[in-house]
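As C-alpha cells, the structure follows; a few thoughts come after it.
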Amino acid sequence: MVLLVVAGMGLGVPFAFAQAAVSAAGPAFEVATVRPAGHADGRRWFGMRLVPSGRLTVSAMSMKDQVWAAYVGFGKAQVSGGPKWVETDQFDVEAKVDDAYMAGWDKMSDAQRMDVVRPMLRRLLADRFQLKLHTEMRDTPVYALVQAKGGARMKEVPAPESLEGEGDDVEKTMRQMAAHPGKPLPGGMMCTGSGGTGNAVPMSYALGQIGESSGADRMVLDETGLKGHYDFSYTISRDKDALSPMQQIEDQLGLRFEPRKVPITTYVIDSAEKPSEN
C-alpha cells in the first residue's frame, strides 16, 4: 500500500529532464473516474493510495496536488499557476492500471509501481482536466531540513513488510487501523493538529507532515541524510508562551530548519478545466 503525502524532498530534477517530463504522458488507465470530493461522507483518510492489484485511489486531493504527484513525486520541485480552483477544489479519483502494463508488477517495490503509474496520472490530468503546463527554473526561498547538533532523535527500524494480499478495500485498511488504536500502520503516519507519529516510515513520507506541523511558509527539502525507516513521535504546543513549532520539532526530533535560496524546477499550470463528473 502507498499513502502518498504531497511534499517536496530529494536531490533535485535537472531542467532538461523536467522539460521532457512535461510531455511524458503515458498510456491511459484501463478505467478511471473523477468526481468532486464530498467531505460529508465520513471518510477517514485523504491522499493517494496505490494497492498491489493496480488500483489507484485519490481521496480529496486538489488538482494542484495531483499535478505535484504526477510530475514531481518526491523530487525537489514545485507547482504554481492556474486558476484558483486548482488549489481550492478537491477531487476523488478511482483508476485501474491495464493488465498489459503490469508485467513484473509483483516483483516491484511500492516506489517502482508508482513510477509506472505516474505517467498514467499525467495522461489522466491532460484528458480529464485539459491540463497544459510548462517548466521554469526559479530561485526560490526554501527550508532545508538538516540534522541538528547531536543528530536526529528518530529510531531506525526495519522496513515494513509489504501489505500484499490485503486487497483494495479501504474498509479493510480502516479495520486494520482500528486494530492498532493510537498507532499508524507500519509504513504510515498518524497526524493530528497537535503533532504526528510515524511507524517505520522513510523521510520522504515524513517530510510533508513535519513541514506542515512546523508552520513552514515555504518548501521544505530533505537534507537530513537519513536513508532508512524510522519510528518517531512529536507534539506541538500552541500555547502563547511555547517555543516556535520549528524549535519544538528541533528539540523533539533533532531536526533543524535551515533557510536557503536555491534554484527550483517549477511546473507552471498554463490552463486547466474542471472535469465533468462521471
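The values are calculated or read from the model by the stated rules, or taken from the named source; none is laboratory data. Predicted, not measured: the structure shown is a model, and the values here were computed from it. Ideal geometry is used to build each Cβ from the backbone, glycine not excepted, and the neighbour counts take in all protein chains shown.
Kindly indicate which of 79, 67, 93, 58 is within 15 Å of residue 269 (Cβ to Cβ), of a type in the set (Val, Ile, Thr) and in a strand (DSSP E or B).
Testing whether each residue is within 15 Å of residue 269 (Cβ to Cβ), of a type in the set (Val, Ile, Thr) and in a strand (DSSP E or B) leaves just 79.
All but one of (1) assigned to a loop (DSSP other than H, G, I, E, B); (2) free of Cβ contacts under 8 Å to residues at least 40 places away in the same chain; (3) crowded, with 19+ Cβ neighbours inside 10 Å hold for residue 224; state the number of the condition that does not hold.
Here residue 224 meets the rest and fails (2).
Report, ordered by the first and then the second residue, all pairs with beta carbons closer than 6 Å, sequence separation of six or more or different chains, a first member in segment 241-258 that is surrounded by fewer than 16 Cβ atoms within 10 Å (Cβ to Cβ), and a second member that is not in a loop (DSSP other than H, G, I, E, B).
258/144; 258/146
Looking at 86, 72, 116, can you tell me which residue is buried (at least 17 other Cβ atoms within 10 Å of the Cβ) and either closer than 22 Å to residue 37 by Cα or charged (D, E, K, R) (or both)?
Of 86, 72, 116, the one residue that is buried (at least 17 other Cβ atoms within 10 Å of the Cβ) and either closer than 22 Å to residue 37 by Cα or charged (D, E, K, R) (or both) is 86.
Quick test of your reading of the structure: residue 126 fulfils all but one of (1) in contact with a helix residue (DSSP H, G or I) (Cβ under 7 Å, 6 or more places away or on another chain); (2) not assigned by TED's automatic domain parsing to the domain that holds residue 203. Name the failing condition by number.
Status for residue 126: all satisfied but (1).
If I go through segment 118-164 residue by residue, how many of them are within 27 Å of residue 50 (Cβ to Cβ) and assigned to a loop (DSSP other than H, G, I, E, B)?
11
For residue 115, are the conditions met, namely being under 28 Å from residue 160 (Cβ atoms) and assigned to a helix (DSSP H, G or I)?
Yes; evaluated as a whole, the condition is true for this residue.
If residue 172 passes every condition in (1) at pLDDT 85 or above; (2) basic (Lys, Arg); (3) over 17 Å from residue 251 (Cβ atoms) but one, which one does it miss?
(1)
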